[in-house]
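Novice: This structure is in structure tokens; I'll ask about it shortly.
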Amino acid sequence: MIELPILNSEEKYTLNPRKIVALGLNYKEHVEESVSVLASGFKPEIPGEPVIFPKAVSSLIAAEQNIIIPSFVDDYNFEEPRTDYEAELAFIISKNCRNAAEADAMDYILGFTCLNDVSQRNLQTGDKSGWYRGKSLDTYCPVGPVLVKTADIGDPQNLNIQCRLNGKVVQSGNTGQMIFPIKKIIAILSSWYTLEKGDIISTGTPSGVGPINDGDIVEVEIENIGVLRNPVVKE
């Protein structure tokens, strides 16, 4: 069970999502680098609709908990085994949502937090069924450090987002660079299926993704939220 402190409150929010839905290729420069990060099946073209994938609820961990690179990956003898960081803005659904209009979309958001969409690239690109396994290994979805209510976030479509690896800035962008902004994400996803109270939606990552290894410290920082920090260890 993960409890996120609520910013400007003594209360905590218990994460209990029915599903975690993440967007891929939602920043133009990340689309352009998709070939270099081994995202097979995609050309460097702007997607016409959101590219989505699930992450297992069991992959959730909190700030300061270890991202664990599992030992079973060694059994595959990948020529270049690679697990990557991906800094993302995520939001939590406040109430069930179906066929929401863009104009009403913010009414369905409880608040915002940082998310690291940790990705085992070899599995992600090799599985014929899609990205689910490579994105869903245990500990591969750190979130935190706090939940910021919608009323306190400011403009969620104008937040600086950064990732640091061992103190070095490796990703730097702004949520205004999203191809599909937050309101459109809610409208489109809720036209496909019901978004349920507590669900986590992650909005994609800027360019600059890269590998993490045993002993690394990865930090995701988003303006008005704070720093999500996690050590990396090899099982």
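Novice: Among the listed residues Leu147, Leu189, identify the single one that is within 19 Å of Val51 (Cβ to Cβ), of a type in the set (A, V, I, L, M), surrounded by 15 or more Cβ atoms within 10 Å (Cβ to Cβ) and modelled with pLDDT of 95 or more.
Specialist: Residue meeting the stated conditions: Leu189.
Novice: Something else: Give segment 74-98 a look and list any residue that's in contact with a Pro (Cβ under 7 Å, 6 or more places away or on another chain) and among the polar types (S, T, N, Q), or say none.
Specialist: Residue satisfying the conditions is Thr83 alone.
Novice: Mind checking whether some residue in segment 112-128 is among the hydroxyl-bearing types (Ser, Thr, Tyr), outside any loop (DSSP other than H, G, I, E, B) and modelled with pLDDT under 95?
Specialist: yes
Novice: Then there is this: If you scan segment 165-198, which residues turn out to be closer than 20 Å to Val218 by Cβ and either of a type in the set (Val, Ile, Thr) or part of a helix (DSSP H, G or I) (or both)?
Specialist: If the condition is that a residue be closer than 20 Å to Val218 by Cβ and either of a type in the set (Val, Ile, Thr) or part of a helix (DSSP H, G or I) (or both), then Val169, Val170, Thr175 are the ones that fit.
Novice: Condition first: more than 12 Å from the chain's Cα centre (by Cα), part of a strand (DSSP E or B) and buried (at least 17 other Cβ atoms within 10 Å of the Cβ). Now tell me which residues in segment 212-221 satisfy that.
Specialist: Selection gives Val218, Glu219, Glu221.
Novice: For Val170, state whether it is at negative phi and surrounded by 21 or more Cβ atoms within 10 Å (Cβ to Cβ).
Specialist: Against the criterion (at negative phi and surrounded by 21 or more Cβ atoms within 10 Å (Cβ to Cβ)), Val170 does not qualify.
Novice: Only one of (1) within 23 Å of Ile185 (Cα to Cα); (2) part of a loop (DSSP other than H, G, I, E, B) is not met by Met106, so which one is it?
Specialist: Unmet for Met106, out of (1) within 23 Å of Ile185 (Cα to Cα); (2) part of a loop (DSSP other than H, G, I, E, B): (2).
Novice: Of all residues in segment 209-235, count the ones that are farther than 17 Å from Leu137 by Cα and among the polar types (S, T, N, Q).
Specialist: 1
Novice: I'd like the full set of residues that are under 13 Å from Asn26 (Cβ atoms) and at pLDDT 95 or above, limited to segment 51-71.
Specialist: Ile52, Phe53, listed by residue number.
Novice: Which one of these does Gly198 not meet: (1) within 17 Å of the chain's Cα centre (by Cα); (2) over 23 Å from Ile61 (Cα atoms)?
Specialist: (2)
The values are calculated or read from the model by the stated rules, or taken from the named source; none is laboratory data. Since we're looking at a predicted model, the values are computed, not measured. Note that we place each Cβ from the backbone using ideal geometry, even for glycine, and neighbour counts take in every protein chain shown.
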